[in-house]
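Undergrad: Right, I'll just put the structure down here and ask away after.
Each value in this text was obtained by applying a stated rule to the coordinates, not by laboratory testing. Nothing here was measured: the structure is a model prediction, and the numbers come from that model. Here the Cβ positions follow ideal geometry from the backbone for every residue, glycine too, while neighbour counts run over all protein chains shown.
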Amino acid sequence: MADENRVVTMITEPGLSPAPIKSRMTEEQLKGDYKYCMAQKLVKAMLEKGLISVDEFNKITEKNRKTFSPYLAEIMS
């Protein structure tokens, strides 16, 4: 069975180009993401305890994204 030794290197749908691969995160980007996550954890806790409204939560989240410029913002909720 010759198929047993095959290696798949990339799976794509016909007609689609593969997504570009981003370079590795720098230490600065990693720190920004960490600070953003910690700030969001705190804000979420405040929301869950009823200390802030959903509208305030969303406004603070937007400010956090601008302040910390998280590298992975495009995949963060």
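Undergrad: Apply the Karplus parameterisation 6.51 cos²θ - 1.76 cosθ + 1.60, with θ equal to phi minus 60°, to every residue of region 25-38 and state each ³J(HN,Hα) to the nearest whole Hz, in sequence, with x for glycine and proline.
TA: Result, rounded to whole Hz: 6, 7, 4, 5, 5, 5, 5, x, 5, 5, 4, 4, 4, 5.
Undergrad: State the extension gain, in nm to one decimal, for the chain segment bounded by Ser69 and Arg24, taking 0.36 nm per residue of separation less the distance between their alpha-carbons.
TA: Result for the pair: 14.6 nm of gain on full extension.
Undergrad: Roughly how many nanometres apart are two label points built 7 Å out from the Cα toward the Cβ at Ser53 and Lys41?
TA: According to this spin-label approximation, the distance is 2.9 nm.
Undergrad: With r as the distance between the Cβ atoms of Glu62 and Tyr34 and R0 = 25 Å, compute the FRET efficiency 1/(1 + (r/R0)^6) and round to 0.05.
TA: 0.85
Undergrad: Which lysines, on any chain, are close to Lys49 with Cα under 19 Å apart, when same-chain ones fewer than 8 places away are left out?
TA: Correct list for Lys49: Lys41, Lys59.
Undergrad: May I pose another question? Taking H placed 1.01 Å from N in the peptide plane, check which residues at least 5 places from Ile52 or on another chain put their amide H under 5 Å from its amide H.
TA: Leu47
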